[in-house]
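The values are calculated or read from the model by the stated rules, or taken from the named source; none is laboratory data. Since we're looking at a predicted model, the values are computed, not measured. Note: ideal-geometry Cβ built from the backbone for every residue, glycine included; neighbour counts use all protein chains shown. Side chains are part of the model used for accessible areas, which takes the heavy atoms of the whole protein and leaves out ligands, DNA and RNA. Shrake-Rupley method; radii C 1.70, N 1.55, O 1.52, S 1.80 Å.
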Amino acid sequence: MAMPSLREVAFHEAGHAVVGEVGGNRCEELTIVPSDGALGYVTGPDIPEIVELQLEGEYTRHGEPGWDELKSWVDARVRSSLAGVLVEQRITGDFNWDGARVDLESIGQFVVNVYGYEGPDHDEALLPVVNPDADPELGEVSEDWVSVIARVRELWGDEVEALITEHWDWIEAVAILAVWKKTITGDQVRAARPS
């Protein structure tokens, strides 16, 4: 796949930032300056304590105090992650599976820690297909996330597309600002919101 243009990266990151803002995940910074193998990224506040505890093995289960907060944060993070690739698709006409994989693998641990446990929220299709015989030295992957990406798109895609449509002017303004400045603050992202 060809390297995305600076404009495509800017729109991708603007999608993350704006849909994150709408969902309550504040943006602290957006950059389209490549770093650590990423073409750009959006940073936000620290992960909430309930999410940190879940990742450390102090599990909160469905129906327990904190569950709704945990699930709400993970769902918002999924929507924000999916928004980048869906905005990019509007610009290029192609769904960037590689870009989607990187975004969703980065939050895969969160999805697994909400939807991977027995209970009413369990969804087997949100768990990666594991290959215990994979040999990383041969370039084989132990977890295949393609089916997870397809399921995420099936569950959240229409909602995210509606958010993108509703906030397109904001996404476009943030992308233009990012192309111009390369790195912008969360305050600049919020100030770009049309009144």
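Would you please report the Å³ per residue occupied by the convex hull of the alpha carbon atoms in region 69-195?
Values: hull volume 18.9 nm³, N = 127.
Convex hull volume per residue, Cα atoms: 148 Å³.
For the chain, what is the mean residue ellipticity at 222 nm derived from helices alone (per DSSP H run of n ≥ 4: -39500 (n - 2.57); sum divided by total residues; nearest 500 deg cm²/dmol)?
Details: 8 runs with 109 residues, N = 195.
About -18000 deg cm²/dmol.
Take peptides 12-21, 85-94, 180-189 and line them up by average Cβ neighbours within 10 Å, highest first, as a rough protection proxy. Write out the running numbers ahead of the final one.
Numbers: 12-21: 28.7, 85-94: 18.2, 180-189: 15.7.
My ranking of the peptides, most packed first, is 12-21, 85-94, 180-189.
For Met3 and Glu69, calculate 0.36 nm times their separation in residues minus their Cα-Cα distance, and state this gained length in nm to one decimal. Please list the in-between numbers first.
Details: separation 66, 0.36 × 66 = 23.76 nm, distance 3.75 nm.
Fully extending the segment from Met3 to Glu69 adds 20.0 nm.
In angstroms, what radius of gyration and Dmax does region 1-159 have, counting Cα atoms only?
Cα only, region 1-159: 16.1, 47 Å (Rg, Dmax).
What whole-number value in Å² describes the accessible area per residue of region 1-58 for a 1.4 Å probe?
Values: 3020 Å² over 58 residues.
Counting only protein heavy atoms, the per-residue value for region 1-58 is 52 Å².
Restricting things to alpha carbons, tell me how big region 29-81 is in terms of Rg and Dmax, in Å.
So, for region 29-81, Rg and Dmax equal 14.1, 42 Å respectively.
What is the Cα radius of gyration of region 125-188 over 2.2 N^0.38 Å, N being its residue count? Show your work: numbers first, answer last.
Working: Rg = 18.4 Å, N = 64, 2.2 N^0.38 = 10.7 Å.
Region 125-188 yields a ratio of 1.73.
Using a simple spin-label model with points 7 Å from Cα along the Cα→Cβ vector, what separation in nm is obtained for Asp135 and Glu49?
4.8
Under unit Cβ charges (Lys, Arg +1; Asp, Glu -1), what dipole magnitude, rounded to 20 debye, does region 17-128 have relative to its Cα centre?
Details: 7 positive and 22 negative charges, 80 e Å.
Charge dipole, region 17-128, about its Cα centre: 380 debye, nearest 20.
Using +1 at the Cβ of each Lys and Arg and -1 at the Cβ of each Asp and Glu in region 1-135, identify which of His62, Thr31, Val111 lies farthest towards the dipole's positive end.
The residue sitting farthest along the positive end of the dipole is Thr31.
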